[in-house]
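Engineer: Right, I'll just put the structure down here and ask away after.
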Amino acid sequence: MADRILKANAFTTFDLLEGSVEGHGFAEDAPAVLNVRTARRDPDEVTLELELDNVDLESVPAHADRVTLSSSEARTLATELRAAADRVDAASDTVEGETADGADPGGGEP
Amino acid sequence: MPTKVERWKDEAYGTEIRDHLERFASEGFQSIPEDERDAWFERFKWWGLYHQRKGQESYFMLRIGTPMGRMTPEQLRTVGEVAREYATGPVDNPEFGEAYADFTTRQSIQLHWIDIEDVPDIFEELESVGLSTMQACGDSWRNIVGSPVAGRDADEHVDVWPIVRDLHDRFKGNDLYTNLPRKWKVAVTGDYRGAGQGDINDLAFEPAVKELDGESVEGFNVRVGGGLARKEPRFARDIDVFCRPENVPAVAAGLSGLFRDYGDREDRFNARMKFLVDEWGPEKVRSVLQAKYVDDELLTAGEDLREGYDYNAGRADAPGDYVGVYEQRDGQHFVGLSVLVGRMAAEDVIELADLADAYDSSMIGLTQRQNVIVGDIADEDLSEFLEEPLLEEYSPDPHPFMRGSIACTGTEYCSLSIVETKNRMVRYARWLRDNVPVPEGVEDFHIHLSGCTASCAQPQIADISLRGMKTRKDGDAVEAFDVGLGGGLGENPRFADWIEMRVPADEVPGYIANLLGTYEAEREDSESFRSFVADRDEDELADLAEPEATSYEDPYLANTKMTWYPYAEDDSMSASPAPTGPNDEPLPTDD
């Protein structure tokens, strides 16, 4: 088995989420790490990175996915996430600020 | 453009930080301006002080660098006394009590709960016996590692103690090497065991022999660019250089100068020597070293002695540590004592120092496996020494599961870790001792437990590697470990294969029990665990064992990272007394 690609420490945004991978003819679930990061020096973009535990996946090799967002795109995403969270909260009695797994939201890279 | 840390270092770094430390100490923690704290905490590292994690503001970890882990009993006693007096916090540790010292994997000593107000007195006490915290952390020459029994070991190639003393004196407080792009870790090995663990250091001098003018000359081959951190482990690479003992300082100066000038100051993640070696290749390192940093013509590498390396090598035919009784060159003995996870109560540290004194020992050694050695025990005193009550706790002949464990600091104090480590490893070791049969012939079995993907417990080079993670169990998020198998050093070092992900912390002992059961049943003759793993492919390794809940109970399974201190009665972040004054009482706030 390959080692993890992404770091996991106290500054990782989420070290335990539920993820899935789907392709033509396959679909698998696995725990996932999701992290938001910016460069330490003069950041000019936001990186969103995702890795599913490779030990639980047979259909794809060990890997992590990354997308880069401009600050404006990151804000658009944040707005959409906030609006979606509001809809979920409105539909249930979830207490604001509690994440699905009880993990604390981190703050990107140290 | 330089990083933020580089700008801070340009403003103030190195020996001058001492004056600032003394000023803040006399004026109190709150005199450090809030908007300058990140910068000052970064600079304090050069003098061995690390600010502790969230919830423990105003407390520091203090690291004392002891070259090759070597100390006198007097120095050890001073460490114990400083720990007893100053390394106490608002809450005791349930396993180790009120005050304790940690022996680290780089043969240094760490104390926790240090108040900045006490630092000048601590420095004075340490310096009165020749100890120092200078460059114990920060971007410079760190503590030099090697076998603490150099010169005493009956079985060694070159006594490296005079060489290491010389390097230590030259490169501590030396303005030319004060401010490097990142830490610079050096190992000097003169024994046949490979006890310097040079493969995981930025610069390694490894024992070698070379024919020169018809004579066989004893010296060192040089390797550079090893290290385990940043999820990018590398073993040091051979740059085809042989070095006579008298030339070690010149080559060491050249290579650290090369790193100072060419290391990446624009990206701290990329700043270690290993990445420069990746980029340049060993040949270019050698050619630039020759062209710009050393006057004498470099000799090509000699014949190495790696075949005999057994230190942390997972061999079935030799111990992988210094625990036990060994003969010295002079006919006396050195006795290696097992210190589980490297942590010793301050009172025990003092008692050990007194004991060493009483037996006329002049050498204490801290090893890279977080254990301690007492040297110079006379033949006629040996059996009496071995009967000393303190050696029941710190045994030269411990149960195999109480012997081979290393753990990092963990969520108790560290801001990176995501799981509890040292106390958990103690509980694991006790449970394994009480519940799991030791496979026949196994005397030391190395479990390295690290709290996150940083590698402070060297998780990639152990029989069993545990690395902190999270998982869900019965609907709750719980602390967990990724599990790796079969790593180790030796002639042909190898990083662990990662086999399991997110094993709940309370199912790890069951996993190890099942794994050892399979090993015992399926191994061939006296095959070591490491070679048993090496002989199997990925799928076979995954099938060796399953995690299992057992009678082991874990009282700290929930998210210790979110506590202010995991062992406080009210551990919630809001219950933290920090920041506090030297009396552990909360400092007054503005509102």
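The values are calculated or read from the model by the stated rules, or taken from the named source; none is laboratory data. No experiment lies behind these values; they were computed from the predicted model shown. Methodologically, a virtual Cβ is constructed for each residue, glycine included, from the backbone with ideal geometry; neighbour enumeration extends over all protein chains shown.
Engineer: With respect to B:Gly441, determine if the residue is surrounded by fewer than 23 Cβ atoms within 10 Å (Cβ to Cβ) and farther than 24 Å from B:Thr550 by Cα.
Structural biologist: Details: surrounded by fewer than 23 Cβ atoms within 10 Å (Cβ to Cβ): yes; farther than 24 Å from B:Thr550 by Cα: yes.
When the stated conditions are applied, B:Gly441 passes them.
Engineer: How many residues does region B:546-572 contain that are within 14 Å of chain A (Cβ to nearest Cβ) and either free of Cβ contacts under 8 Å to residues at least 40 places away in the same chain or loosely packed, with under 12 Cβ neighbours inside 10 Å (or both)?
Structural biologist: Initially, region B:546-572 is screened for residues within 14 Å of chain A (Cβ to nearest Cβ), giving B:546-547, B:557-564, B:566, B:572.
Keeping just the survivors that are either free of Cβ contacts under 8 Å to residues at least 40 places away in the same chain or loosely packed, with under 12 Cβ neighbours inside 10 Å (or both) gives B:546, B:562, B:572.
Going through region B:546-572 one residue at a time, the tally reaches 3.
Engineer: Between a first residue in region B:494-508 that is more than 12 Å from every other protein chain (Cβ to nearest Cβ) and in contact (Cβ under 8 Å) with a residue 60 or more places away in the chain and a second residue that is aliphatic (A, V, I, L, M) and buried (at least 23 other Cβ atoms within 10 Å of the Cβ), which pairs have beta carbons less than 6 Å apart while being 6 or more apart in sequence or on different chains?
Structural biologist: Partner pairs satisfying both residue conditions: B:Ala505/B:Ala480.
Engineer: Looking at region B:549-556, is at least one residue on the phi < 0 side of the Ramachandran plot, within 25 Å of the chain's Cα centre (by Cα), in a loop (DSSP other than H, G, I, E, B) and modelled with pLDDT of 95 or more?
Structural biologist: Step one: filter region B:549-556 for residues on the phi < 0 side of the Ramachandran plot, giving B:549-556.
Subsequent filtering for residues that are within 25 Å of the chain's Cα centre (by Cα) retains B:556.
Okay, now just the ones that are also in a loop (DSSP other than H, G, I, E, B), so B:556.
Pick out the ones that are also modelled with pLDDT of 95 or more and you get B:556.
Taking every residue of region B:549-556 in turn, at least one turns out to be on the phi < 0 side of the Ramachandran plot, within 25 Å of the chain's Cα centre (by Cα), in a loop (DSSP other than H, G, I, E, B) and modelled with pLDDT of 95 or more.
Engineer: If you don't mind, another one. Looking at (1) buried (at least 21 other Cβ atoms within 10 Å of the Cβ); (2) assigned to a helix (DSSP H, G or I); (3) over 18 Å from the mean Cα position of the chain (by Cα), which is the only condition B:Ser531 fails?
Structural biologist: (1)
Engineer: Could I ask something else about it? What is the number of the single condition among (1) more than 26 Å from the chain's Cα centre (by Cα); (2) under 28 Å from A:Gly19 (Cα atoms); (3) hydrophobic (A, V, I, L, M, F, W, C) that B:Leu516 does not meet?
Structural biologist: Answer for B:Leu516: the failing condition is (2).
Engineer: Let me ask something else. When the residues of region B:445-458 are filtered to those that are in contact (Cβ under 8 Å) with a residue 60 or more places away in the chain and out of contact with any helix residue (DSSP H, G or I) (no Cβ under 8 Å at 6 or more places or on another chain), which remaining residue is surrounded by the most Cβ atoms within 10 Å (Cβ to Cβ)?
Structural biologist: Looking at the filtered set, the residue picked out is B:Ala457.
Engineer: Does any residue of region B:235-243 turn out to be buried (at least 18 other Cβ atoms within 10 Å of the Cβ), at pLDDT 95 or above, outside any helix (DSSP H, G or I) and in contact with a Phe, Trp or Tyr (Cβ under 6 Å, 6 or more places away or on another chain)?
Structural biologist: yes
Engineer: Here's a follow-up. Of all residues being modelled with pLDDT under 95 and not in a strand (DSSP E or B) in region A:13-30, which is nearest to the other protein chains (Cβ to nearest Cβ)? Just the residue, please.
Structural biologist: The selected residue is A:Gly25.
Engineer: Sticking with this structure for a sec: Got a sec? Which helices (runs of 4 or more DSSP H) wholly within region B:381-495 have at least 1 residues that are within 20 Å of the chain's Cα centre (by Cα)?
Structural biologist: On the way: elements: B:382-386, B:390-393, B:422-435.
So the answer is B:422-435.
Engineer: I need the full set of residues from region B:467-493 which are more than 10 Å from every other protein chain (Cβ to nearest Cβ) and either without any contact (Cβ under 8 Å) to a residue 12 or more places away in the chain or polar (S, T, N, Q) (or both), in order please.
Structural biologist: If the condition is that a residue be more than 10 Å from every other protein chain (Cβ to nearest Cβ) and either without any contact (Cβ under 8 Å) to a residue 12 or more places away in the chain or polar (S, T, N, Q) (or both), then B:Asp474, B:Asn492 are the ones that fit.
Engineer: Being among the polar types (S, T, N, Q), in contact (Cβ under 8 Å) with a residue 24 or more places away in the chain and part of a strand (DSSP E or B), is that true of even one residue in region B:216-224?
Structural biologist: As a first pass, look at region B:216-224 and keep what is among the polar types (S, T, N, Q): B:216, B:221.
Filter once more, keeping what is in contact (Cβ under 8 Å) with a residue 24 or more places away in the chain: B:221.
Subset that is part of a strand (DSSP E or B): B:221.
Yes, some residue in region B:216-224 is among the polar types (S, T, N, Q), in contact (Cβ under 8 Å) with a residue 24 or more places away in the chain and part of a strand (DSSP E or B).
Engineer: State whether one or more residues within region B:244-251 are free of Cβ contacts under 8 Å to residues at least 12 places away in the same chain, surrounded by fewer than 20 Cβ atoms within 10 Å (Cβ to Cβ) and among the acidic types (Asp, Glu). Let's see the steps before the verdict.
Structural biologist: In the first step, residues of region B:244-251 are kept if they are free of Cβ contacts under 8 Å to residues at least 12 places away in the same chain; the result is B:246.
Right, trim to surrounded by fewer than 20 Cβ atoms within 10 Å (Cβ to Cβ) and you get B:246.
Now drop any that are not among the acidic types (Asp, Glu), which leaves B:246.
Within region B:244-251 (the criterion being free of Cβ contacts under 8 Å to residues at least 12 places away in the same chain, surrounded by fewer than 20 Cβ atoms within 10 Å (Cβ to Cβ) and among the acidic types (Asp, Glu)), the answer is yes, since at least one residue qualifies.
Engineer: Take the residues in region A:34-53 that are facing another protein chain (nearest Cβ under 9 Å) and in contact (Cβ under 8 Å) with a residue 12 or more places away in the chain; name whichever of them is farthest from the chain's Cα centre (by Cα).
Structural biologist: Checking each candidate, the answer is A:Arg40.
Engineer: Would you tally the residues in region A:54-73 being farther than 18 Å from A:Lys7 by Cβ and within 14 Å of chain B (Cβ to nearest Cβ)?
Structural biologist: Residues flagged as farther than 18 Å from A:Lys7 by Cβ and within 14 Å of chain B (Cβ to nearest Cβ) within region A:54-73 amount to 4.
Engineer: Moving on. Working only within region B:1-26, note down all residues that are within 17 Å of B:Phe123 (Cβ to Cβ) and not β-branched (Val, Ile, Thr).
Structural biologist: Residues of region B:1-26 within 17 Å of B:Phe123 (Cβ to Cβ): B:14-26.
Result: B:Gly14, B:Glu16, B:Arg18, B:Asp19, B:His20, B:Leu21, B:Glu22, B:Arg23, B:Phe24, B:Ala25, B:Ser26.
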